Amino acid sequence: MTPRIPASILTTALTAAVATLAACGRPEPAVTTAPPASPAAASSAPMTKTVAGPMAGTRITEAYARSVARSVYVWAWPMVNVYNRRLGFADLKEPGRLGGVLPAAPPNRLSMLNNYVEPTEREVACPNQDVVYGGGPVALDLEPVVVQVPDFGERFWVYQIVDIRTDSFVDLGKMYGTKPGFYLLVGPDWHGTVPNGIAQVFRATSNTGFLIPRVFMDDTDADRAAIQPLISQIDVYPLSQFDGKMKQTDWSKTPSFPAPPPEPNGGESPKVIPAKFFDELPMVLKDAQPLPGEGAIYAQAQALLAAAKADPAIKAAIDDEAAKTEQAVIAPLLEFRNFGIPLPHQWTTVRNGAKFGTDYFTRAAVARSNIFVNKPNEATYFYQDLDDAGARLNGSKRYTVTFAKGEPPVKGFWSLTLYDAQHFFAPNAIHRFSVGTKNKDLKVNADGSLTIYVQADEPTDPVQRANWLPAPKGGDFSLYIRTYWPDAPVLDGQWTPPPVKAGS
């Protein structure tokens, strides 16, 4: 088991590192005013000041290069991850399915599934079997992108579209009252003409991003059939292909592409390779404009890259530090209990998903453990590695989770999902990986509450069998609550999940 590193220690260390970078970064725009004539004027008229950045050609020590490399690695890890997802799909000629099970499309295109994601996928951790997924990389330096929205009626849906930092830059979904039609994504430097028929334009802060539509579907044959006409009208394509007409695609007939291998332990197919990180970083820095206040970090990262280019010993040192940082800082973030906001009964959550800003620790942690989360008003997530007594969840024990009547409070849907130690579905005889709104055969208690039975062996009681969430035999696992379009008690913290109680 990966040792737990307290979030407070990691957060303090990263915050200190970022502060160090800021102290010696690139110049911010100078503020030029007249010097104050008196002490009274000093509080309202700052002195003229220009802060210099790193001096080109300056020799630096290996120890200093390692210290900067460590903080830059954590800061840029999510961005390199997203950028490499774009590169991984760049050679595709058409939309299809990666390994036959996961959406895959060339840049500025979309591929849709037409059913729940298959449990064998290893491309994105913490998959969701409540929705029909779509996905595709965004490359706004090539061309603006049209996003096509059909009329979903009363069905829950949301399009998540994130920039290279995994921050969302659109509001498209049921919770926004979005109208059917066409929407445009543009890059930070685009100043073209918006054609007639475009309902709204969304501007990204980076050229690279990722798009993931989610459409809720009940776990019934009837709803699988009912959703197909809607799925066929979901599409994304370059602006040059826009003609104002709703395009339709039979997503059941898309080709299959080879999938990259997962980690040897069955984890997510790696997107950040430490040995390649600092070779890929220049492309990432060019792709994304600095956020306000990030000029210093960009300048320090670029100075580090320049030093590494000039001195092979420095390059070897920062590559070595990348590998060490991956193991010491990034790897422990796979486990949910090492980050997030602590809640009662050992649960944790994040309150700034897909709007991380300069919260670099949480951004990296979410990217490592369950990348591409929605904004909290779209979906709030709750994470659990432990039972109510603080012991690691393990398939050798039996557990119960009881939700009070009407809980979790949501306008969309909710689910409780079980993941193995690598945050993927655990194979089981009944092929059930989550329970919640989609299940129409769950049995409530006399008081209206709902008890979920989490265990490896099949219950003999028919009520418990109906509410059974299978666990792996003898292996560690995690539980994960999704609340899509959550009500106010979820958003303001009044509602938190019930305890996971261990039995025999």
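The numbers here are math on the coordinates, done by the rules we state, and not lab data. Only a predicted model underlies this, so the values are computations on that prediction, with no experimental measurement involved. Every residue, glycine among them, receives a Cβ derived from its backbone with ideal geometry; neighbour counts consider all protein chains shown.
For Ser449, the shell of other residues with beta-carbons less than 14 Å away shows a net charge of +1, using +1 for Lys and Arg and -1 for Asp and Glu.
Between the helical axis of 7-23 and the longest alpha-carbon principal axis of the chain there is an angle of about 30 degrees.
Take the convex hull of the alpha carbons in the stretch 201-304; its mean projected area over all directions comes to 11.8 nm². For the stretch 444-481 and the stretch 101-136, compute the distance between their C-alpha centroids and round to whole Å. Answer, in whole Å: 27.
Other residues lying with their Cβ under 14 Å from the Cβ of Ala310 contribute a combined charge of +1, Lys and Arg counting +1, Asp and Glu -1.
Only Cα pairs under 8 Å and 6+ residues apart enter the sum, and on that basis the relative contact order of the stretch 336-502 stands at 33 percent. When restricted to Cα atoms, the chain yields an Rg and a Dmax of 24.2, 86 Å, respectively. Calculated on C-alpha atoms, the gyration radius of the stretch 357-412 divided by its Kirkwood radius gives an Rg/Rh of 1.04. Averaging over all projection directions, the Cα-based convex hull of the stretch 95-254 occupies 9.1 nm² in the image plane. Taking amide H positions as modeled 1.01 Å from N, with prolines and chain starts lacking one, the residues under 5 Å from Asn445 and 5 or more places away or on another chain are Leu450, Thr451. Which loop-located trypsin sites (Lys or Arg not before Pro) does the stretch 62-171 contain, where loop means any DSSP state but H, G, I, E or B and the Cβ has at most 14 other Cβ atoms within 10 Å? Loop-located and lightly packed - Lys93. Taking each DSSP H run with n ≥ 4 as -39500 (n - 2.57) and averaging over every residue of the chain yields -7500 deg cm²/dmol at 222 nm.
Listed by chain and number, the aspartates and glutamates placed with their C-alpha closer than 16 angstrom to that of Lys501 are Asp385, Asp387, Asp388, Asp476; residues fewer than eight positions away on the same chain are left out.
Restricted to Cα atoms, the stretch 59-129 shows a radius of gyration and a Dmax of 17.6, 57 angstrom. Rounded to whole numbers, the Karplus 3J(HN,Hα) couplings from phi for the stretch 473-480 are 6, x, x, 5, 8, 10, 10, 8 Hz, using 6.51 cos²θ - 1.76 cosθ + 1.60 with θ = phi - 60°, and x at Gly and Pro. If the chain linking Ala310 and Asp279 were pulled fully straight, counting 0.36 nm for each residue of separation and taking away their Cα-Cα distance, it would gain 9.8 nm. In percent, rounded to a whole number, the relative contact order of the stretch 95-254 is 29, using alpha-carbon pairs under 8 Å and six or more apart.
Counting only Cα atoms, the size of the stretch 405-504 along its three principal axes is 37, 34, 24 Å, in decreasing order. Full extension of the chain between Gln228 and Lys324 gives 29.8 nm of extra length, using 0.36 nm per residue less the Cα-Cα distance. Derived scalar couplings between HN and Hα for the stretch 52-58 equal 7, x, x, 7, 4, x, 6 Hz in order, rounded to whole Hz, by the Karplus curve 6.51 cos²θ - 1.76 cosθ + 1.60 (θ = phi - 60°), x for Gly and Pro.
Once backbone amide H atoms are built at 1.01 Å from N, Val147 has Tyr183, Leu184, Leu185 as its partners under 5 Å, excluding neighbours fewer than 5 places away on the same chain. In this structure, the pairs whose alpha-carbon distance is over 19 Å, taken from Lys276/Lys309; Lys397/Lys443; Lys276/Lys324; Lys405/Lys443; Lys174/Lys438, are Lys397/Lys443.
Shown in residue order for the stretch 486-491 are the 3J(HN,Hα) couplings computed by the Karplus curve 6.51 cos²θ - 1.76 cosθ + 1.60 at θ = phi - 60°: x, 6, 3, x, 6, 5 Hz (x for Gly and Pro).
Sparse packing (at most 10 other Cβ atoms within 10 Å of the Cβ) combined with a DSSP loop state is found for the following trypsin sites (Lys or Arg not before Pro) in the stretch 402-438: Lys405. For the stretch 142-201 versus the stretch 340-418, the spacing of their alpha-carbon centroids is 27 Å.
Under a 5 Å amide H cut-off, with hydrogens placed 1.01 Å from N, Asp476 pairs with Gly395 among residues at least 5 apart or on other chains. Within the stretch 336-502, the ratio Rg/Rh, alpha carbon atoms throughout and Rh by Kirkwood, equals 0.95. How would the stretch 273-351 be classified by its alpha-carbon gyration tensor: rounded, prolate or oblate, with rounded meaning a/c under 1.5 and the a/b versus b/c comparison settling the rest? Since a/c reaches 1.5 but b/c is at least a/b, the shape of the stretch 273-351 is classed as oblate.
Using the Cβ of Met246 as centre and a radius below 11 Å, the other residues enclosed give a net charge of -1, where K and R count +1 and D and E count -1. Averaging Cα coordinates gives a centre for the stretch 80-95 and one for the stretch 247-291; these two points are 6 Å apart. With respect to the chain, whose longest principal axis is taken over its alpha-carbon atoms, helix 312-325 is tilted by about 30°.
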